[in-house]
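J.: Here it is: the structure, laid out below.
Taken together, the values in this text are just the output of simple stated rules run on the coordinates, not laboratory data. Keep in mind it's a predicted model, so treat the numbers as computed, not measured. Please note: Cβ atoms are built from the backbone with ideal geometry, for glycine as well, and neighbour counts cover all protein chains shown.
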Amino acid sequence: MLITVLGYYGGYPYQGKGTSGYLLQDDGKNILIDCGSGVLNELSNYIDPLQLDAVVLSHYHHDHTADLGVLQYNWQLDPTNRKHDLLPIYGHTQDFVNFAQLTMDGVSQGIAYNDYEPTQIGDLQFEFLRTIHPVPAYAMKITKEDKSIVYTSDTAYFDGLVDFAKGSDLLITDTNFTEDKTGKIWHMTTKQSGELAQKARVKRLMISHLPQKIDIERMLKESQNYAQDVPTINAFTGLEVKI
Ligand SMILES: [Zn+2]
Ligand SMILES: [Zn+2]
């Protein structure tokens, strides 16, 4: 599996860099995980967006879905070179209004996932875990043979993430705050991300969903400190990780 970061900011794009989006490639399959602001533009630097095999959405906050409508227009307006008749877009059904938007006549088909049985996309198995967030959101574990990637989606820290991420080859976390952040939060701090990586004994941690106005070097240093011996990297546009 090869994962390429297409956007990594939380909330809104900033100075040419987008919000959440990751291209996962495996054995000729192209899967887009989240489709935030700026992601379609960035995706087109790597593949023709008409060559996507699937889109998988963690939740329906705009910083994860902002470019979905224009991706659908891309498929609608340029039908000659599509890899599939309809683009499969996977989402949860806890929000029927947003789930309905995944289906566009002659363009895309919404497909429901849930947290009680895995979803198979090509050779990849996707498992989902409901997170703690103001709207329903799902972390996902993507497994192929003995390799796995876990993406926390957006979430406050909770212990269930440790089991879910256990032993994964790459853990991508929603790390939106510095270690000293206090009060009620809907994302994780550097301390929580680092400790999660350490407790789950993952092989590598990637902090993502980063803040715009805080030095990323500081975010990385704090996370690495709590992750201890787990190698930690920060997401940036174009970062490729092979698993
Ligand atoms: Zn977000
Ligand atoms: Zn969110």
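J.: Put +1 on the Cβ of every Lys and Arg and -1 on every Asp and Glu Cβ in the chain; which of M1, M104, G11 then has its Cα farthest towards the positive end of the dipole?
T.: G11
J.: Same structure again: Counting DSSP beta bridges with both partners in the chain, what percentage is antiparallel, nearest 5?
T.: Bridges in the chain are about 55 percent antiparallel.
J.: Evaluate 2.2 N^0.38 Å with N set to the residue count of the chain, then give the Cα radius of gyration divided by it.
T.: Taking N as the residue count of the chain, the ratio is 0.94.
J.: Sticking with this structure for a sec: For G7, what residues show an amide H to amide H distance below 5 Å, using hydrogens built from the backbone and excluding near sequence neighbours?
T.: Under 5 Å from the amide H of G7: G21.
J.: Let me ask you something else. Which value, in debye to the nearest 20, gives the size of the charge dipole of the chain about its Cα centre, when Lys and Arg are +1 and Asp and Glu are -1 at the Cβ?
T.: In debye, rounded to 20, the chain gives about 500.
J.: If you don't mind, another one. Roughly what % antiparallel, to the nearest 5, for the DSSP beta bridges in the range 129-243?
T.: About 35 percent, rounded to the nearest 5.
J.: Using only alpha carbon pairs under 8 Å that are at least six residues apart, calculate the relative contact order of the chain and give it in whole percent.
T.: Relative contact order for the chain comes out at 16 percent.
J.: Compute a Gaussian network model of the chain, connecting alpha carbons closer than 10 Å, and tell me which residue from G194, G69, G16 fluctuates the most.
T.: Per the Cα network of the chain with a 10 Å cutoff, G16 tops the list.
J.: Cα gyration tensor of the range 98-149, axes a ≥ b ≥ c as square roots of the eigenvalues: rounded (a/c below 1.5), prolate (a/b > b/c) or oblate?
T.: Note, shape of the range 98-149 comes out oblate.
J.: Of P88, Y46, V241, which is farthest along the charge dipole of the range 2-242 in the positive direction, counting Lys and Arg as +1 and Asp and Glu as -1 at C-beta?
T.: Towards the positive end, the residue furthest out is V241.
J.: How tilted is helix 216-227 with respect to the longest principal axis of the chain? Cα atoms for both, answer in degrees (0 to 90, nearest 10).
T.: For helix 216-227, the angle is close to 70 degrees.
J.: In addition: Modelled label-to-label distance, N225 and K184, 7 Å Cα→beta-carbon offset: nm?
T.: Once both label points are built, they end up 2.8 nm from each other.
J.: Helix 190-199 versus the longest principal axis of the chain: what angle, 0 to 90°, nearest 10, using Cα atoms?
T.: Value to nearest ten degrees: 90.
J.: While we're looking at this one, here's another question. Anyone know which of T19, T232, T152 comes out most mobile in the 10 Å Cα GNM of the chain?
T.: T232
J.: Per DSSP H run of at least 4 residues, take -39500 (n - 2.57); add these up for the chain, divide by its residues and hand me the 222 nm value, nearest 500 deg cm²/dmol.
T.: Dividing the helical sum by the residues of the chain leaves -5500 deg cm²/dmol.
J.: To continue, here is another question. Most fluctuating residue of T155, T175, T80 in a GNM of the chain with Cα springs under 10 Å: which is it?
T.: T80
J.: How far, in degrees from 0 to 90, does helix 68-77 lean away from the longest principal axis of the Cα atoms of the chain, to the nearest 10?
T.: The angle comes out near 30 degrees.
J.: Any idea which of Y226, S20, Y157 is furthest toward the positive side of the dipole for the chain, if Lys and Arg beta-carbons carry +1 and Asp and Glu beta-carbons -1?
T.: Y226
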